[in-house]
1. Restricting to region 100-137, name every residue that is assigned to a helix (DSSP H, G or I) and among the aromatic types (Phe, Trp, Tyr).
2. Output the residues belonging to region 54-94 that are crowded, with 20+ Cβ neighbours inside 10 Å, at pLDDT 90 or above and more than 16 Å from SER261 (Cα to Cα).
3. Going through THR76, THR39 one at a time, which residue ends up being in contact (Cβ under 8 Å) with a residue 40 or more places away in the chain, of a type in the set (Val, Ile, Thr) and in a helix (DSSP H, G or I)?
4. Are any residues in region 13-56 aromatic (Phe, Trp, Tyr) and either in contact with a strand residue (DSSP E or B) (Cβ under 9 Å, 6 or more places away or on another chain) or under 30 Å from GLY128 (Cβ atoms) (or both), and if so, which ones?
5. Among the residues of region 31-42, are any at pLDDT 90 or above, open to solvent by 70 Å² or more (accessible area, probe 1.4 Å) and β-branched (Val, Ile, Thr)?
6. Out of the residues in region 268-294 that are more than 15 Å from ARG92 (Cβ to Cβ) and among the polar types (S, T, N, Q), which is farthest from the chain's Cα centre (by Cα)?
7. Which one is farthest from ALA204 (Cα to Cα), of the residues in region 21-30 that are open to solvent by less than 70 Å² (accessible area, probe 1.4 Å) and in a helix (DSSP H, G or I)?
8. Pull up region 255-305, narrow it to residues that are in contact with a Gly (Cβ under 7 Å, 6 or more places away or on another chain) and closer than 18 Å to PHE43 by Cα, then point me to the one that is surrounded by the fewest Cβ atoms within 10 Å (Cβ to Cβ).
Amino acid sequence: MPDLHPLLSAFAPIWALTAVGYVVARAGLLGPQAELVLTRFVFHVAMPAALFLMISRTPLGHFANPSMLAFVAGTTVSTGLGLLAGWRLFRRKRGELAIGAMASGYVNSANLGIPVTMQVVGDASFVGPVVLFQILVVTPAVLAVLDSGAAGRRALVTLPLRNPILIATALGAVASATGFRLPAELHHSADLLGGAGVPTALVALGMSLHNRPAAEGRSRRAEVGLTVAIKTLVQPLVALVVAGPVLHLPTHQLLTVVLFSALPTAQNIYTYAREYGQGTDLARDTVLWSTLVSMGTLSLITWTLGPA
């Protein structure tokens, strides 16, 4: 059986900071608008700083990785199933469909991917191409859908000029391609600012659990359960099939791509949902439950495929 201690060590900060957010909200320390203010800080300030630095320091050539074919296949199938389920089974609107699809296939790559793969495989280099794919391909597509439906007066062609996530992504890609680097003082300041994103997002997530409204009947519970199942079971299974029988990847690459595909939904999804007021409950519950369930699925993958 796999050693659960590395997984517990990786997940402990997520649970701890979420619990801090719940306690802060329950005690009323920051006022009734604190959750909204924190999520907006993450979306408009901290996350753009972190994304710019991460992309600018990562060679775009990392996309040329055979393991990425398996990861992209798992992501495509899982997000497609999430989109189909929201449309056909739960009759969600466009913005909610985008959040549901993203919650079904957007992994917590850096926050959990690095510690998990370092402990199990001993190498976290695969996080680079995964982050690039999610930030440069998946995120802009979803935000474009959310922004285009936010208000009719907004022109779709001006989206990159109004969305801080897309602006940071584009600037980071340009910096990576040209080799541009910020001066040391600015780089350190942006690094500190970006480092506040993940803990602040987790605290805001925990705050959203206080005075949480009751689940909206069997349909909402079924939607959350199906989304979590797609994320934690379908996505890694598709990656396993493509990486193994189709691509015949070496053992360590097979294990790495399946582990990354089995990571839970990233807390970024809740930040996006809260910012746009679309699918907030689904995003919050999927992040929480997929994080819990993935403890078991990641352990099973490690035990079945074996450490590299």
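1. Taking region 100-137 first, the residues assigned to a helix (DSSP H, G or I) are 100-105, 109-120, 127-137.
Matches in region 100-137: PHE133 only.
2. ALA85, GLY86 - these are the residues of region 54-94 that are crowded, with 20+ Cβ neighbours inside 10 Å, at pLDDT 90 or above and more than 16 Å from SER261 (Cα to Cα).
3. Details: THR76 fails: in contact (Cβ under 8 Å) with a residue 40 or more places away in the chain.
The match here is THR39.
4. Initial filter on region 13-56 (aromatic (Phe, Trp, Tyr)): 15, 22, 41, 43, 52.
If the condition is that a residue be aromatic (Phe, Trp, Tyr) and either in contact with a strand residue (DSSP E or B) (Cβ under 9 Å, 6 or more places away or on another chain) or under 30 Å from GLY128 (Cβ atoms) (or both), then TRP15, PHE41, PHE43, PHE52 are the ones that fit.
5. Yes, there is a match, as at least one residue in region 31-42 is at pLDDT 90 or above, open to solvent by 70 Å² or more (accessible area, probe 1.4 Å) and β-branched (Val, Ile, Thr).
6. Filtering first and then ranking leaves SER294.
7. It comes out as ALA27.
8. Going residue by residue through region 255-305, those that are in contact with a Gly (Cβ under 7 Å, 6 or more places away or on another chain) are 260-261, 263, 273, 276, 278-279, 282.
Imposing the further condition that a residue be closer than 18 Å to PHE43 by Cα reduces the set to 273, 276, 278-279.
Numbers: ALA273: 28, TYR276: 21, GLN278: 23, GLY279: 29.
For region 255-305, the residue satisfying everything is TYR276.
The values are calculated or read from the model by the stated rules, or taken from the named source; none is laboratory data. Since this is a predicted model, take the numbers as computed values, not measurements. Here Cβ is always computed from backbone atoms with ideal geometry, including for glycine, and neighbour counts include all displayed protein chains. Only protein heavy atoms, including side chains, enter the accessible area calculation; ligands, DNA and RNA are left aside. Shrake-Rupley method; radii C 1.70, N 1.55, O 1.52, S 1.80 Å.
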